[in-house]
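Let me begin by presenting the structure, written as structure tokens, before commenting on it.
The values are calculated or read from the model by the stated rules, or taken from the named source; none is laboratory data. Given the structure is predicted, the values throughout are model-derived calculations rather than measurements. Neighbour counts are summed over all protein chains in view; Cβ atoms, including those assigned to glycine, are modelled from backbone coordinates with ideal geometry. The protein model used for the area step is the full one, side chains on, heavy atoms only, and it has no ligands, DNA or RNA in it. Shrake-Rupley method; radii C 1.70, N 1.55, O 1.52, S 1.80 Å.
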Amino acid sequence: MLSRLAESSFWLGRYLERAEGMSRLLIEFHQLLIQDSRTHVKRGCTLISHGLGLEGEPKNARELVELAYGEPLNPGTLLGSIHSARSNARLIRDILPSDFYEAINHLNATTEEFNVSAPGRSLRVILDRLAVSNGIFEWLAPVDESAHFLTLGRSLERMDLMSRLLSLKLENEWRDQGPATTLRSVGALNTYLRERVPLTSHSVQRFLVQSETFPRSIAECAKRADTELREVATMTQLRVDDILRPIGMLESQIKYLTDDAQELEKIIFQTSFAVAQATQGIGLRFFRPIGSIVWSN
């Protein structure tokens, strides 16, 4: 597989997952800021925007939505991630199922009708289109290198988003609603309630880090990333042990996690660094080189 195709597949997966993650987060945070008048709205908006890595200081819920929705050229925002996903899909449209490519085009078209004043309905439409796109891919895409790179990117992005969400510590600002909002932000509330565990901030953090029943937990995403990268290594005959090291070490720490709250926070903090190291290693090993070409005699 050409390196540029592998790179576009990887980032297509990451941008699709980023769009879904930010849509879910915005729905819950916007609702929380509107309903809970007891908290300082500006302080809550600043907490959320900084946690998501957004540059700006929104003063109310509308400004937070405007900042997170962002611009097409900023892939760290919702609009930017959707446009970036479509751009990468265009680069590899010849190897994508046609229905999947059309679904991404429909997803991109929904951004033209986004309502910043009342974002709930617009965000739900985006989530519906993302669900359709993901379903079509799972149904039609061949299990080849492109699919493994896309799923690898999606798994790493889920880990990064989960780390960012847990680092927000919403319970400090919203003591009563923080744990439930954290779970709803990743679609984990129903799965958590089946565990019949008290709804506390520590138990929620531990569940989203260590759970083997929730597919978006950090532990399960790390396992999926490990599996996909090993599949790529088998197909390409390239060593990936050095790339897998930060993910493998994180898996080991999660597996033997104790009840110490500081150890849990340390794992949450290390997750983003593990994802960054793995992403850098994948880029250097599999993707197109960046820089000048030196010709030799």
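Filtering the stretch 33-57 to residues that are open to solvent by 10 Å² or more (accessible area, probe 1.4 Å), in contact (Cβ under 8 Å) with a residue 40 or more places away in the chain and either part of a helix (DSSP H, G or I) or on the phi > 0 side of the Ramachandran plot (or both) leaves ARG43, LEU47, GLY51, GLY53.
Residues of the stretch 58-69 that are in contact with a Ser or Thr (Cβ under 7 Å, 6 or more places away or on another chain), open to solvent by less than 50 Å² (accessible area, probe 1.4 Å) and either of a type in the set (D, E, K, R) or assigned to a helix (DSSP H, G or I) (or both): LEU64, LEU67, ALA68, TYR69.
The residues on offer are PRO215, PRO246, and the sole one that is out of contact with any helix residue (DSSP H, G or I) (no Cβ under 6 Å at 6 or more places or on another chain) and surrounded by 12 or more Cβ atoms within 10 Å (Cβ to Cβ) is PRO215. Look at the stretch 74-100: where a residue is free of Cβ contacts under 8 Å to residues at least 60 places away in the same chain and open to solvent by 60 Å² or more (accessible area, probe 1.4 Å) and a partner is among the hydroxyl-bearing types (Ser, Thr, Tyr) and not in a loop (DSSP other than H, G, I, E, B), sitting 6+ places away or on another chain with Cβ atoms under 6 Å, you get ARG93/TYR101.
If you filter the stretch 1-20 down to residues that are among the hydroxyl-bearing types (Ser, Thr, Tyr) and surrounded by 20 or more Cβ atoms within 10 Å (Cβ to Cβ), you find that the one that is farthest from ILE282 (Cα to Cα) is TYR15. Looking only at the stretch 251-269, decide whether some residue is free of Cβ contacts under 8 Å to residues at least 60 places away in the same chain, open to solvent by 70 Å² or more (accessible area, probe 1.4 Å), in contact with a helix residue (DSSP H, G or I) (Cβ under 9 Å, 6 or more places away or on another chain) and among the basic types (Lys, Arg). Yes, the stretch 251-269 contains at least one residue that is free of Cβ contacts under 8 Å to residues at least 60 places away in the same chain, open to solvent by 70 Å² or more (accessible area, probe 1.4 Å), in contact with a helix residue (DSSP H, G or I) (Cβ under 9 Å, 6 or more places away or on another chain) and among the basic types (Lys, Arg).
The lone criterion from (1) polar (S, T, N, Q); (2) under 20 Å from the mean Cα position of the chain (by Cα); (3) at pLDDT below 95 left unmet by ASN297 is number (2).
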